[in-house]
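Taking it in order: structure first as structure tokens, then the write-up.
The values are calculated or read from the model by the stated rules, or taken from the named source; none is laboratory data. What you are looking at is a predicted structure, and each value in this text was computed from that prediction instead of being measured. When we count neighbours, we look across all protein chains shown, and the Cβ atoms used for this are built from the backbone with ideal geometry, even at glycine.
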Amino acid sequence: MHEFKYKSDRLFCEQVNVQDLAEKYGTPLYVYSYGTLVDHYLKLKHAFRKIQPLICYSVKANSNLALLKALVDKGAGLDIVSGGELFRALKVGCPANKIVYASVGKTDAEIEEAIRRGILFFNVESVPELENINRIAKSLNKVTNVAIRINPDVEPKTHKYITTGKLTNKFGIDLKSARQILHLRKALDYVRISGLHIHIGSQITESDPYVAAIRKMVAFIKILKNCDVVIEYLNIGGGLGIIYNKETPQTAQNYAKKVLPLLKKTGLKVIMEPGRFIAGNAGILVAKVLYIKSTPKKKFVIVDGGMNDLIRPALYEAYHNIVPLKASARPLEKVDVVGPICESGDFFAKERKLPKLKEGEYIAVMSAGAYGFSMSSNYNSRRRAQEVMVDKDKVYVIRKRETFDDLIRNEVIPPKRFGF
């Protein structure tokens with residue numbers, strides 16, 4: 001559920017008319033619902049209340065400071081994957097002991113800063129990384145915690161680009177190798193292996209892959225206990241799917257019902273890393289129709305938002321529902337909704353039946369709160385969109401639209417001609 005609904009044929013975000021926002025702030029424009037964002041976090045928290053997990057929101061889904069602050073204020077931790085995300089996490093006041101750090105390619109500088117800050121633990125992706133963390137921790141004379149990211153080799157039934165739990169993916173360590181590492185843990189003087197971590201993919205709408213992966217972890221943990229290997233945490237990652245089109249994803253309650261019995265068996269503290277589930281349906285991208293173009297074979301609706309603003313359709317062929325801000329009765333027609341970028345892959349929808357649109361009106365690309373702005377770019381020297389957050393009847397600008405000066409802020413022309 002989300003708080004983007006029609007009232008008297010006008011699309012509202014909570015108690016605010018979205019068209020009023022488009023006309024005031026311009027387009028393309030990201031609009032977020034505070035109520036939806038927080039509600040989805042609290043649904044997970046309530047569903048798993050019996051084991052009181054640490055829910056670490058996945059910053060990569062949407063890293064705007066206002067969203068992070070809203071969740072941290074409700075008790076969330078943060079799942080980060082870069083030094084920049086660590087900077088953001090600390091900026092919004094997230095306690096360091098509620099920060100977990102993933103990524104297959106952490107640099108020495110990133111590792112050092114995270115150790116100095118005292119994060120809860122690193123999710124370690126390889127043996128060389130584990131050895132490197134130990135080396136850096138030793139140089140700082142600080143013992144740091146890590147969790148071994150296990151690749152459970154399960155099929156998550158999602159797009160191949162967002163599958164992370166197969167042995168053909170770059171993520172994690174296989175169970176056999178992980179067992180060897182855990183038995184050698186005493187050789188790592190400055191690393192404490194305190195947990196196990198899995199994350200099998202993103203936009204997963206069924207519970208079976210999670211059940212399969214967690215069952216493997218339960219069996220693995222039992223083996224470790226029999227060998228006197230003691231761990232404290234089990235991080236089950238994120239990846240819960242949302243409704244973009246006709247998906248029927250599991251609710252937080254149904255997901256908990258399936259996996260709670262397994263998690264209780266472990267006796268470990270549980271960590272979760274949801275991103276899309278919390279932010280996905282809490283945001284939309286609003287764009288203006290610039291032109292209607294008809295050709296002998298197609299009709300194109302050309303809007304002022306493009307793949308630089310929302311790349312998911314171009315990158316994953318992802319479906320996003322598209323609706324006009326005014327829900328007046330009108331005939332349907334099959335169109336491609338495209339942007340101004342000089343790429344054939346610049347589209348939001350292809351061969352989509354939509355209410356007949358006209359130049360000058362606005363559309364909303366739904367379910368754009370996750371992996372929308374956070375994956376946006378300045379391609380074609382386009383300024384990135386403005387972002388606003390709505391809380392009931394109040395509107396807050398949470399990111400100003402970039403200026404042309406912003407586009408070239410860090411560029412330098414050498415003082416002499418090239419080729420000297």
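Which one of these is crowded, with 19+ Cβ neighbours inside 10 Å, part of a loop (DSSP other than H, G, I, E, B) and over 22 Å from the mean Cα position of the chain (by Cα): Leu357, Leu310?
Every option except Leu357 fails the conditions.
Of the residues Val335, Val388, only one is closer than 21 Å to Phe300 by Cα and buried (at least 20 other Cβ atoms within 10 Å of the Cβ); which?
None of the others qualify; the one that does is Val335.
Within segment 314-354, track down each residue that is among the aromatic types (Phe, Trp, Tyr) and either assigned to a loop (DSSP other than H, G, I, E, B) or not assigned by TED's automatic domain parsing to the domain that holds Asn380 (or both).
Scanning segment 314-354 gives a single hit, Tyr319.
Which condition number in (1) of a type outside the set (Phe, Trp, Tyr); (2) assigned to a loop (DSSP other than H, G, I, E, B); (3) modelled with pLDDT under 90 is the one that Asp189 fails?
Failing condition for Asp189: (3).
Over 30 Å from Phe220 (Cβ atoms), more than 26 Å from the chain's Cα centre (by Cα) and outside any strand (DSSP E or B): is that true of Pro296 in this structure?
Judged against the criteria, Pro296 is a match.
Exactly one of (1) under 23 Å from Tyr244 (Cα atoms); (2) in contact with a Cys (Cβ under 8 Å, 6 or more places away or on another chain) is unmet by Val72. Its number?
Result: Val72 fails condition (1) only.
Starting from segment 365-382, take each residue that is at positive phi and list its partners that are modelled with pLDDT under 95 and surrounded by 17 or more Cβ atoms within 10 Å (Cβ to Cβ), counting only C-beta distances under 8 angstrom and pairs at least six apart or across chains.
Ser367/Ile242; Ser367/Tyr244; Tyr371/Arg276
When segment 77-93 is examined, which residues are found to be surrounded by fewer than 14 Cβ atoms within 10 Å (Cβ to Cβ) and of a type in the set (Ser, Thr, Tyr)?
none
Please work out which residue is surrounded by the fewest Cβ atoms within 10 Å (Cβ to Cβ), limiting yourself to segment 118-130 and to residues that are in a helix (DSSP H, G or I) and free of Cβ contacts under 8 Å to residues at least 40 places away in the same chain.
Per the stated criteria, the residue is Pro128.
Just to verify a result, which residue in segment 218-252, among those that are assigned to a helix (DSSP H, G or I) and in contact (Cβ under 8 Å) with a residue 12 or more places away in the chain, is surrounded by the fewest Cβ atoms within 10 Å (Cβ to Cβ)?
Within segment 218-252, the match that is surrounded by the fewest Cβ atoms within 10 Å (Cβ to Cβ) is Ile223.
Quickly run through segment 253-263 and pick out the residues that are loosely packed, with under 14 Cβ neighbours inside 10 Å and touching a Lys or Arg at 6+ places or on another chain (Cβ under 8 Å).
Scanning segment 253-263 gives a single hit, Gln253.
Just to be sure, is Ile302 within 20 Å of Arg10 (Cβ to Cβ), among the hydrophobic types (A, V, I, L, M, F, W, C) and not in a loop (DSSP other than H, G, I, E, B)?
Taking the combined requirement at face value, the residue does not satisfy it.
How about segment 65-107: which of its residues are among the acidic types (Asp, Glu) and closer than 13 Å to Ile55 by Cβ?
Matches in segment 65-107: Asp79 only.
Can you name the condition, by its number, that Lys74 falls short on among (1) surrounded by fewer than 20 Cβ atoms within 10 Å (Cβ to Cβ); (2) outside the structural domain of Asn245 (by TED's automatic domain parsing); (3) part of a loop (DSSP other than H, G, I, E, B)?
Just one mismatch for Lys74, condition (2).
Looking at segment 270-283, is at least one residue under 30 Å from Tyr210 (Cβ atoms), more than 22 Å from the chain's Cα centre (by Cα), in the same structural domain as Asn235 (by TED's automatic domain parsing) and at pLDDT 95 or above?
Within segment 270-283, not a single residue is under 30 Å from Tyr210 (Cβ atoms), more than 22 Å from the chain's Cα centre (by Cα), in the same structural domain as Asn235 (by TED's automatic domain parsing) and at pLDDT 95 or above.
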